[in-house]
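Bear in mind that the values in this text are calculations on the coordinates, not laboratory data. Since the structure is predicted, the reported quantities are computational estimates derived from the model, not experimental observations. Neighbour counts are summed over all protein chains in view; Cβ atoms, including those assigned to glycine, are modelled from backbone coordinates with ideal geometry.
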Amino acid sequence: MKTTLQNYRSFFLVIFLSALIVSVPVARVNGLEYLSDEMACVKLSGRFMQNMVEGEIEQAFSLIEPHFPISRQQFENLMENTKTQLQGSQGDFGNTLGYKFVREERVKDFLVRFTFVLKHEFIFTKWRFIYYKPSEKWLLNSLNWDDQAEGLFQ
C-alpha cells in the first residue's frame with residue numbers, strides 16, 4: 001500500500017507541475033466575468049470545493065470558467081488532468097469526506113490566496129485559489145492543487 005501511494009504521489013507531482021503551467025494567465029477575449037469583491041471570491045472557491053466533494057468535477061470547473069482568464073485549451077487540460085487524477089486515485093485516496101477552509105493570505109489590496117483542504121479517507125489534497133484585482137474587480141488568476149503539507153503548517 002505504501003509503495004502504491006508513493007507511486008501515485010510521484011505521478012501526481014508530474015501532473016501538478018503541468019497544472020502549474022496552466023495557472024499562467026492568458027487573456028480570453030469573450031465571456032470573462034469579474035467578481036465584485038473578496039467575499040464573492042471566497043464564495044466561488046467554496047462552491048467549487050463543495051462540487052468537488054460531491055464528485056461533480058465538471059460542474060466545479062464550469063463555476064470558475066467565466067472568471068479564469070486562461071485559454072480554452074489550458075482550461076480543458078487543467079479540468080481533464082484533475083478528473084483523471086482524482087478519479088484514477090480514488091482507490092488510494094478513499095472516498096471524499098468533505099473540505100475545510102484553511103487560510104486566507106493577501107498581498108496588499110490586489111492579490112488574495114485562499115487555501116482549502118479536500119479531505120479523503122486516506123489522504124488530503126490542498127487546493128489554492130489566487131485572485132487578482134487589476135483595478136476595481138477580481139479575477140481568478142490561478143488554481144493549483146497537490147497532496148503536499150507544505151504551506152499548511154505555520
For Lys43, counting only aspartates and glutamates whose alpha-carbon sits under 20 Å away and dropping same-chain residues fewer than eight positions off, the answer is Glu33, Glu54, Glu56, Glu58, Glu65, Glu104, Glu105, Asp109, Glu136
Output for region 39-87: GluC sites (Glu not before Pro) sitting in coil per DSSP, at most 15 other Cβ within 10 Å, listed by number, reads Glu54, Glu56
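Which of the three applies to region 52-154, rounded, prolate or oblate, going by the alpha-carbon gyration tensor with a ≥ b ≥ c and a/c under 1.5 meaning rounded?
Here region 52-154 falls in the oblate category.
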